[in-house]
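Enquirer: Dumping the structure here so I can ask a few things about it.
Read-outs throughout are calculated quantities, based only on the coordinates presented, and are distinct from any laboratory measurement. Everything numeric in this text was worked out from a predicted model, so none of it was measured. As a convention, Cβ positions derive from the backbone with ideal geometry for all residues, glycine included, and neighbour counts pool all protein chains shown.
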Amino acid sequence: MTRSIRTGRLHALLLVLLVGLLVACGTPVTSRPTEVTVADNPEASAAPVEVPTEAPPAQDPTAAPTTAPTVPMTVVSPIAVVPPTAPPTVAPRPPTAAPPARPVTTSALATQRLVTFYGHPYDNRMGVLGEYDPAVVIQKLKEQTAAYTAADPSRPGLCTVELIASVAQGSPGKDGLYLARTPTAEIEKWAQLTQQQGCLLLLDIQMGYDSVDNDIKAILPFLQRPHVHLAIDPEFHVARGKIPGESFGSVSSTEVAGAMKTLQGLVQQYNLPDKILVLHQFRDDMLPDKANIKPMANVDLVVMMDGWGLPQAKIANYGAFIRDEPIQYGGIKLFYKQDDPLLTPAAVIQLDPSPLVIIYQ
């Protein structure tokens with residue numbers, strides 16, 4: 001018993017001496033590692049950070065970005081349209097090559113930016129032209145145009161009216177074309193008014209069951225005038241058996257080329273300034289073989305990103321249809337009542353590429 005106690009005391013003494021010796025030599029008495037958080041370690045901030053897939057917060061549309069906005073195109077928010085309201089389907093697409101060299105133009109697009117009011121004087125649901133008397137329309141149009149000149153003095157705005165010359169219908173009518181043509185006298189009134197006010201006139205055709213060529217022939221005398229140009233709206237050019245406004249239509253590259261050749265012929269025959277052709281688009285299937293559409297001498301081709309919606313969605317679709325599928329020039333359509341908030345002139349001109357035609361409905 002006495003030996004066991006002595007032995008235990010001896011062991012305890014030896015342990016105390018051993019611990020003291022280890023402390024004196026600087027050896028730690030614990031091996032538990034110190035926990036370090038990212039905030040504690042400056043070098044940890046250089047590690048890759050996983051980016052969330054949700055959309056970024058909306059930016060203030062009144063603030064002009066210092067650089068052209070870039071929008072990730074992996075996800076594109078849908079845009080509602082009027083009519084119908086089905087959203088477009090924009091698929092992700094790889095970057096495309098730079099657009100072909102632009103031919104020298106004698107149209108207003110060489111130095112100016114078209115600021116346009118759209119609609120039909122017989123229906124206030126179709127745009128600004130039906131909401132006010134013509135004199136008021138021109139007054140408001142010039143005010144809106146001045147805002148773009150102020151935002152970008154290097155490319156002054158030019159007032160433009162887009163009048164729907166042939167209106168797609170929900171019923172076939174006597175000729176079975178689902179189309180109503182605007183009376184010649186009404187077009188003449190706007191042709192004279194825009195000329196007197198120093199503005200351009202875009203005549204918009206919706207075609208229904210009719211052909212692009214026939215719809216152009218109906219307004220050919222107006223297109224012979226230097227300040228009158230053409231817009232094509234594929235949305236309403238539907239296949240037989242379909243109804244405009246219920247199904248989406250399309251226009252082929254062959255039909256576009258035919259329209260361009262007609263305009264080119266007018267320029268050359270009557271010694272006119274180059275003609276402007278606007279193609280409306282908010283879905284891929286509206287221009288199903290868009291890659292085959294090529295620029296042509298004496299015609300300035302503008303692809304117009306149509307459809308209303310949130311700014312982020314409109315900017316994303318502009319990138320998909322204009323930046324990523326370049327042909328010649330780009331344009332964007334804005335809606336006073338449906339776009340909330342409405343993109344400001346400062347924000348619009350910062351788009352890539354900067355739109356040369358802006359249409360307000």
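Enquirer: Can you pull the one-decimal nm distance between simple spin-label points at Lys217 and Lys174, each 7 Å off the Cα toward Cβ?
Expert: For Lys217 paired with Lys174, the spin-label model returns 1.9 nm.
Enquirer: If packing is taken as the average number of other Cβ atoms within 10 Å across a peptide's residues, how do 331-339, 352-360, 227-235 rank, most packed first?
Expert: Ranked by mean Cβ neighbours within 10 Å, highest first: 227-235, 352-360, 331-339.
Enquirer: Sum up the charges of everything whose Cβ sits under 10 Å from the Cβ of Leu179, counting Lys and Arg as +1 and Asp and Glu as -1, but leave Leu179 out.
Expert: Once positives and negatives cancel, what remains is -2.
Enquirer: If r is the Cβ-Cβ distance from Arg125 to Lys189 and R0 is 22 Å, what FRET efficiency results, to the nearest 0.05?
Expert: Using R0 = 22 Å, I get an efficiency of 0.60.
Enquirer: For Met304, Met260, what ranking results if the residue with the fewest other Cβ atoms within 10 Å of its Cβ goes first?
Expert: Met260, Met304
Enquirer: Could you tally the net charge around Ile349, taking each other residue with its Cβ under 12 Å from the Cβ of Ile349, Lys/Arg +1 and Asp/Glu -1?
Expert: 0
Enquirer: Have a look at Ile359, Ile276, His227 and report the one farthest towards the positive end of the charge dipole of segment 213-361, computed about the Cα centre with Cβ charges (Lys/Arg +1, Asp/Glu -1).
Expert: The residue sitting farthest along the positive end of the dipole is His227.
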